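Visitor: Could you have a look at this structure, given as structure tokens, before my questions?
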Amino acid sequence: MSGPAQFKLHRRQGQVFLRFEREERELPVRVLWARPLTQRGRHISFLDEHKKEVAMVDGPDCLDPESAQIVAEELEQRYLLPQIMRVYKTSAEYGTRYWDVETDLGRRAFAMRDPYKNVIRVSEDRVVLRDTIGNSYEIVSLAGLDKRSRNEVQKVL
């Protein structure tokens with residue numbers, strides 16, 4: 001969808017609702033980036049309770065100010081992505097990789113299984129890791145890590 005959105009969003013009791021301008025009904029929706037890793041900042045998708053897309057906009061600037069604020073809050077909460085700044089220690093045991101890292105949000109320890117499935121290579125130098133409980137962590141630049149951190153990463157990837 002290009003141009004201004006033909007709907008407005010509002011929040012009621014913690015749930016986001018979408019109402020098309022020419023309709024009486026409103027739909028509860030989830031707000032997502034259509035391409036969260038490769039084109040974050042563009043193409044926002046709105047899904048109904050059955051995970052069916054009901055609307056899409058080119059970006060937050062297509063929305064009225066109130067709707068844009070709701071979208072910003074929802075996306076920030078949904079896509080919290082701590083950046084790994086340093087890797088203190090990694091190990092592998094019975095197919096599970098264990099990580100002890102420093103992120104931009106503080107020190108974290110997590111476990112990760114199946115790196116072929118849970119390591120997303122966004123580029124040659126940038127990776128996103130998904131842990132066993134579904135949290136994601138980003139290494140913005142493998143080359144930008146200190147030497148010890150790079151060595152620890154190579155042990156488990």
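A short reminder: the numbers here are calculations on the coordinates, not readings from a lab. All values derive from a computational prediction rather than experimental measurement. Glycine gets a Cβ as well: all are built from the backbone with ideal geometry, and neighbour counts include every protein chain shown.
Visitor: What number, in percent, do you get for the relative contact order of the range 7-118 if the mean sequence gap of Cα pairs under 8 Å and at least 6 apart is divided by its residue count? Provide the component values of the computation, followed by the final result.
Guide: Numbers: 174 pairs, mean separation 16.3, N = 112.
Computed over the range 7-118, the figure is 15 percent.
Visitor: Another question, then. If you rank 10, 43, 50 by fewest surrounding Cβ atoms within 10 Å, what's the result? It would help to have the intermediate numbers written out before the result.
Guide: Working: 10 13, 43 16, 50 6.
Neighbour counts put them in this order, fewest first: 50, 10, 43.
Visitor: So if the hydrodynamic radius of the range 84-156 is defined as the Kirkwood radius over C-alpha pairs, what does Stokes-Einstein give as its diffusion coefficient at 10 °C and 1.306 mPa s, in µm² per second? Mind showing how you got there, number by number?
Guide: Numbers: Rh = 12.1 Å.
Once the numbers are plugged in, D ends up at 131 µm²/s.
Visitor: Can you list the lysines whose alpha carbon sits under 27 Å from that of residue 89, skipping same-chain ones fewer than 8 residues off?
Guide: 117, 147, 155
Visitor: For the Cα atoms of the chain, what angle does the longest principal axis make with the long axis of helix 65-78, in degrees from 0 to 90, nearest 10?
Guide: 30 degrees
Visitor: Follow-up question, since we're still on this one. Want the number for residue 24 to residue 119: 0.36 nm per residue separation, take away the alpha-carbon distance, what's left? The partial results should precede the final answer.
Guide: Values: separation 95, 0.36 × 95 = 34.20 nm, distance 4.41 nm.
Additional length available on full extension: 29.8 nm.
Visitor: If you don't mind, there's one more thing I want to ask. Diagonalise the Cα gyration tensor of the chain and give the resulting equivalent ellipsoid semi-axes, square root of 5 times each eigenvalue, largest first, whole Å. Kindly include the intermediate steps, with their values, before the conclusion.
Guide: Values: eigenvalues 282, 46, 35 Å².
Semi-axes from the Cα gyration tensor: 38, 15, 13 Å.
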